[in-house]
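None of the figures in this text is laboratory data; all of them are computed from the coordinates on show. The structure presented is a predicted model; accordingly, all values stated were derived computationally and were not measured. Cβ atoms come from the backbone with ideal geometry, glycine included; neighbour counts cover every protein chain shown.
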């Protein structure tokens, strides 16, 4: 139970790491609700999403950032830039490392970037339930030789192992000050963006090869209905006709299944009936268009 006489504390903790380190799973588990979409594919998260954790009198705002990788497209550059900006704006940064993969080339590249300057750093070794503890110690030593970590945590975001201690330390670490968000606010992701992300999650889960990373989703229409339900119209943009054909499927079977699962998930999250309609359009080069990137919450600087 929170001590109302204790001073309020608030701060931002950026969650950084290579693609597939488990950042979004960690953020969702700490938040106790779905804030970021999750899939087995790398580069699932495309823009910064903030999750608001109420821990007694402390409010910790976790910023889930895109995985940092070597960019090729304008979309990639904007994603990586969003991750680094998220770190610069934070009171502290959590470097999440997949303990099974260890110190990969991708992790080493992030470490080099953090050496140029960052807020206080914490190391979070994730997926540690899949390894013998003896294998974790050399990795921890190796990373601590490269950077100064104020804290080190060994967790399993999937199972929830080690997260109580992480939450407690986060509550203590944020500075005294007024809360940054209303107490009942769980995320800064609005409902239109949430709908688009839930549809994109199903695309990631149900399609393969080049399709997932060449598709984007925009919510074109949001109509509140008198019976309390909502009609949502989303457009899926893909780069090529072949990708459009794969997404639609035989007789529209694939897009119907994407819509069915997304509708169920969105209904649970919004706690009301959702009427979801999907449209698939071919738009070559969308991942190089500034307007399309802005529409999905990315802003390329410079």
Report the gain in length on full extension from residue 210 to residue 145: 0.36 nm times residue separation, minus Cα-Cα distance, nm rounded to one decimal. 19.6 nm
Nearest 10 degrees, 0 to 90: what angle lies between the long axis of helix 191-206 and the longest principal axis of the chain (Cα atoms)? 80
R0 of 35 Å, Cβ-Cβ distance residue 159-residue 226: FRET efficiency to nearest 0.05: 0.20
Using a basic spin-label model with each label point 7 Å from the Cα along Cα→Cβ, how many nm lie between residue 112 and residue 152? 2.4
In nm, to one decimal, how far is the residue 183 label point from the residue 281 one, both placed 7 Å along Cα→Cβ? 4.4
For every helix of n ≥ 4 consecutive DSSP H residues, a contribution of -39,500 (n - 2.57) applies; sum these over the chain, divide by its total residues, and give [θ] at 222 nm rounded to the nearest 500 deg cm²/dmol. -11000 deg cm²/dmol
Determine the relative contact order of the range 180-302: mean sequence separation of Cα pairs under 8 Å and six or more apart, normalised by residue count, in whole percent. 26
Pairwise label distance in nanometres, residue 269 with residue 250, each label 7 Å out on the Cα-Cβ vector: 3.1
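Could you work out the relative contact order of the chain, using alpha carbon pairs under 8 angstrom and six or more residues apart, expressed as a whole percent? Provide the component values of the computation, followed by the final result.
On the way: 579 pairs, mean separation 57.5, N = 302.
It comes to 19 percent, rounded to a whole number.
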Using the C-alpha atoms of the range 191-295, what convex hull volume per residue, in cubic angstrom, is computed? 88
Cα convex hull of the chain: mean projected area in nm², to one decimal? 17.2
